[in-house]
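Working notes for the structure below.
The values are calculated or read from the model by the stated rules, or taken from the named source; none is laboratory data. Computed from a prediction, not measured in an experiment: that's the story for all the values here. Backbone-built Cβ (ideal geometry, glycine too); neighbour counts: all protein chains shown.
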């Protein structure tokens, strides 16, 4: 029977970050369990790589500020590309919401974020039909990273610091005695340990249930259409989001292309990805791309951007992945009533962008009893039973 001090279940970007931050603090005998034969086959590998500080709640903004700074300055190249995020509003109520958000973001230290009028929206993204746009907000420091590069950097650092990772090792259930974690039952035998961190994305709820913990995390399929334009995309095109519908698009980057990974400068400038949160999509673990989603997305592109509507779908690059949604679309970080059991779950689409702050916060909670660099107590699991849920409108 194998022994470990800390078992991290899930080897995606969040689990790798937790391992990196724990071992950087000197934690020993840290073991990552990855159910696949390699990392990045779950939500990390399906992520679009967007990073932004334009949020509505203080905790999301602070998590983003820390993480953006990390991506810019870390020794591992995250391929941070500050193309920006442009949110646009099509009525005055939405525009007022963006104005309030920008003022709040600035008050918390967000720089290079501004309110823009319709003319400026058109300058930033000339392929938009702006006739009904009231205005928007633009964060110049927001942009894109490579999720796989971030995950690999965290993993290499953790392994160099003494952590181990085991592949094809699925955690079946948690072993709890006397209200304490004593081990993990896996597909290949049991592991004795006193600390477990669940970083299994949309499947976190199933594992938590084996310890008698109700974790309100539900899976939801999210799909992306990948397309090619006959003309080059506008230079420096940002992520563009309709705040009213969630319809969004950005220049596409193929993180799985090894030649691009070695030299990002050869990336195509005529490929684009776009999507929207389909309200008809029910909770499930289905990750098969649905062809009918293509027509839904193009219906939204028809009026908003004739440029997008004229693009040609690259079907082999279209994909579906899972969001891990909580009732308030905010993460669950920290411990619970079971001693030694911790969560880094429920990111609702923000796991990659908040992975640096998440890893440090969870590591400090485990090692010190609380997160000192940033107060993440608003993200505790018990907020749901206490009726202290958070609210974020800018959920895409």
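Structure data summary
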| quantity | calculated |
| --- | --- |
| Members of the stretch 1-41 that are within 17 Å of the chain's Cα centre (by Cα), crowded, with 22+ Cβ neighbours inside 10 Å and over 19 Å from residue 373 (Cα atoms) | 10, 11, 12, 13, 15, 16, 39, 40 |
| Residue in the stretch 344-352 that is farther than 29 Å from residue 88 by Cβ and surrounded by 21 or more Cβ atoms within 10 Å (Cβ to Cβ) present | yes |
| Inter-residue pairs, beta-carbon under 6 Å, first closer than 30 Å to residue 297 by Cα and in the stretch 201-223, second part of a helix (DSSP H, G or I), 6+ apart | 201/43; 217/204; 217/205; 219/202; 223/293 |
| Residue within the stretch 373-383 that is more than 20 Å from the chain's Cα centre (by Cα) and under 29 Å from residue 246 (Cβ atoms) present | yes |
| Residue match in the stretch 333-345 (condition: in a strand (DSSP E or B), out of contact with any helix residue (DSSP H, G or I) (no Cβ under 9 Å at 6 or more places or on another chain) and farther than 23 Å from residue 69 by Cα) | yes |
| Every residue from the stretch 368-396 that is assigned to a helix (DSSP H, G or I) and in contact with a helix residue (DSSP H, G or I) (Cβ under 7 Å, 6 or more places away or on another chain) | 378, 379 |
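For every residue, the table says whether it meets (1) more than 23 Å from the chain's Cα centre (by Cα); (2) at pLDDT 95 or above; (3) in the same structural domain as residue 91 (by TED's automatic domain parsing); (4) buried (at least 24 other Cβ atoms within 10 Å of the Cβ).
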residue: 152; (1), (2), (3), (4): no, yes, no, no
residue: 167; (1), (2), (3), (4): no, yes, no, no
residue: 179; (1), (2), (3), (4): yes, yes, no, no
residue: 195; (1), (2), (3), (4): yes, yes, no, no
residue: 200; (1), (2), (3), (4): no, yes, no, yes
residue: 203; (1), (2), (3), (4): no, yes, no, no
